[in-house]
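Right, one structure below, let's go through it.
The values are calculated or read from the model by the stated rules, or taken from the named source; none is laboratory data. Predicted model only: the values in this text are computed from it and were never measured. Here the Cβ is made from the backbone with ideal geometry for all residues, glycine too, and neighbour counts use every protein chain on show.
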């Protein structure tokens, strides 16, 4: 079965659903009618500002938070412990036994999630190799660097070959190389048909990695769908002009229907009105310097996000 | 089946995590018990048999020496030395080379090192020999002569109803101390084990695979198993040392007291262990744990103080009788009362019944509080709030 078939098929049949979740902690509304769903093979980026309710929503999947209203279902049935054992979870604040040795700990988690001892040991050795941790297998977790602890944490969520991965800020604190490795592993899991739900503040990374996102604000999912569709659905358009040399952006001030968003040495980014005269803008830009590229594009995911959360 | 496997797995991890502290604490406690019991044995006499040197002149009858040995047993024994003349024997007596002299069958000589015990035994043995000789002269048989020496007199002692033997008191004190230490130590282990899992957030991972009350159960069972092993080891060691010494009078009821201590430990541990687990689930770090677990330890401590006052006071007061039925303190007080022979059978039965009901209720309540508290990672949770949000175990 090709990847395209898996993805195409699965996206129509979500397995995990969060339906109308509401949760209040005292005066604080953590979730307010929050709904989202994830399908097998789908990599869903769960975005939101701090305190928006991402972690609370994820914790409801594991029964760590009991919603006041709404329900969490797996294939339209209530989530049971036996289903939860087939989910891999990476909590926001990492959760490992600091003094337990890496391999022993991973085998323990694998067995708790339903593997027998030989299968657990085999899976752990495989993941230790994938994460380049084989030589640290007998080290205590506390003896590892932050990055390696993060890898062990991800290995703990993968060791039992889950049907769904729920990862709360998996890229936080990782160096660029580790980010690439982790992104590759997540992509591979999604390609195998595993549903992946992860939260992140690294929006450019999410844009590269995910086909779908859900944006939550004040406890409610305010925007969700395919990244490309969300971008193109925005009425805003951005004009990115690259020149062969440094450009003085002062000429933009006289340009009707355009406002400067970002300016670097040889590159400017403008927010333009829908009915802006692109030819006039190209002409103005040419007079300012030699143009190497002239691109009209929908907003980036980060701009869609900022616009959606009103910041 | 799967649930049982996860509980066993969680127990295995817990046992492994506590293996080192358990072995260290067991070694220390067993060493203390061994030293304490040995000291008790030695102070009770043990092998401190006094050996006397007895000088013999003019071949006293063998029966005299035999009588002296019998009269001194078990606290002393004699070594004899024969002297060719009374002069040499008295010189040895004066130089403390011997402790007393028996001359022929009718003379004894005391010296500077003669103790009252030896003097009494020697005097009585020579007197007995004279009675035998006189009886024989009168035509009495040896058996009749012996009856003159050892007339059949029935003797018995009446003891105060409140005062048991020293061994009873020691057993009672050990049971109180043991119970206090075991419940406090193992209860606190549970509390801190729960806090640790909560503080480092590993509990969030665990709860995806194991039901919260099963996780609590695994903790209580595994740490309780360690406590039970330690208590049995301590009891076995103490009894073995006591029985190995023929000088320490071990009451016949000792074995049953050890069984009672184990029974009350299990009940007390189930009660307090669950309470400590619930308490631990409310704290989000070790600093907060102190403020939650501390008051529970005070409760255990109250039982300990009451228990020791009871044992040392030697009186079964109304306060002690009443408090020994209250589940918070029954495990510390009832074994002591049983050891002292104060608890009536009906009292033991009622206290056991109350404790079992209280233990089951506590497990249920604590389970619900644990469920409500353990997943709340952000800050300290109140008892009431955790109870309200916790899922009842039957759900």
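Structural remarks
- Matching residues in segment A:113-136 - criterion: being within 8 Å of chain B (Cβ to nearest Cβ) and either surrounded by fewer than 21 Cβ atoms within 10 Å (Cβ to Cβ) or closer than 30 Å to residue A:50 by Cβ (or both): A:114
- Of everything in segment B:14-38 that is free of Cβ contacts under 8 Å to residues at least 40 places away in the same chain and within 30 Å of residue B:209 (Cβ to Cβ), the residue that is surrounded by the most Cβ atoms within 10 Å (Cβ to Cβ) is B:16.
- Residue check for residue B:220: within 14 Å of chain A (Cβ to nearest Cβ), in a helix (DSSP H, G or I) and out of contact with any strand residue (DSSP E or B) (no Cβ under 8 Å at 6 or more places or on another chain): no
- Flag if residue B:41 is at pLDDT below 80 and part of a helix (DSSP H, G or I): yes
- Single unsatisfied condition, residue A:106 versus (1) at pLDDT below 95; (2) within 14 Å of chain B (Cβ to nearest Cβ): (1)
- Condition check for residue B:255: within 19 Å of residue B:332 (Cα to Cα) and free of Cβ contacts under 8 Å to residues at least 40 places away in the same chain: yes
- Pick from segment A:204-219, criterion surrounded by fewer than 19 Cβ atoms within 10 Å (Cβ to Cβ) and in contact with a strand residue (DSSP E or B) (Cβ under 7 Å, 6 or more places away or on another chain), ranking: nearest to residue A:46 (Cα to Cα): A:211
Residues are listed down the side, and each one gets a yes or a no for (1) assigned to a helix (DSSP H, G or I); (2) without any contact (Cβ under 8 Å) to a residue 40 or more places away in the chain:
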residue: B:88; (1), (2): yes, yes
residue: B:91; (1), (2): yes, yes
residue: B:96; (1), (2): no, yes
residue: B:101; (1), (2): no, no
residue: B:105; (1), (2): no, no
residue: B:112; (1), (2): no, yes
residue: B:117; (1), (2): yes, no
residue: B:120; (1), (2): yes, no
residue: B:125; (1), (2): yes, no
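One line per residue, one yes/no per condition, for (1) farther than 30 Å from residue A:169 by Cβ; (2) part of a helix (DSSP H, G or I):
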residue	(1), (2)
A:189	no, yes
A:198	no, no
A:221	no, no
A:245	yes, no
A:251	yes, yes
A:262	no, no
A:275	yes, no
A:282	yes, yes
A:299	no, no
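- Residues within segment A:223-243 that are in a strand (DSSP E or B), touching a helix residue (DSSP H, G or I) at 6+ places or on another chain (Cβ under 6 Å) and touching a residue at least 60 places away in the same chain (Cβ under 8 Å), tallied: 1
- Enumeration of residues in segment B:136-146 that are more than 30 Å from residue B:99 (Cα to Cα) and in a helix (DSSP H, G or I): B:136, B:137, B:142, B:143, B:144
- For segment A:76-112, filtering for residues that are in a strand (DSSP E or B) and buried (at least 18 other Cβ atoms within 10 Å of the Cβ) leaves 4.
- The sole residue among A:175, A:168 that is in contact (Cβ under 8 Å) with a residue 12 or more places away in the chain, in contact with a helix residue (DSSP H, G or I) (Cβ under 8 Å, 6 or more places away or on another chain) and more than 26 Å from residue A:310 (Cα to Cα) is A:175.
- Residues that are more than 25 Å from the chain's Cα centre (by Cα) and in contact (Cβ under 8 Å) with a residue 40 or more places away in the chain within segment A:72-100 comprise A:97, A:98, A:99, A:100, listed in sequence order.
- Segment A:266-285: number of residues that are over 21 Å from residue A:299 (Cα atoms) and either out of contact with any helix residue (DSSP H, G or I) (no Cβ under 7 Å at 6 or more places or on another chain) or in contact (Cβ under 8 Å) with a residue 40 or more places away in the chain (or both): 2
- Sole residue being within 12 Å of chain B (Cβ to nearest Cβ) and in contact with a strand residue (DSSP E or B) (Cβ under 9 Å, 6 or more places away or on another chain), chosen from A:101, A:94: A:101
- Subset tally (residues that are closer than 29 Å to residue A:201 by Cα, exposed (fewer than 13 other Cβ atoms within 10 Å of the Cβ) and at pLDDT 85 or above) for segment A:255-296: 1
- Any pair with Cβ under 6 angstrom, 6 or more apart, that starts in segment B:321-337 at a residue that is crowded, with 23+ Cβ neighbours inside 10 Å and ends at one that is outside any helix (DSSP H, G or I) and at pLDDT below 90: B:337/B:343
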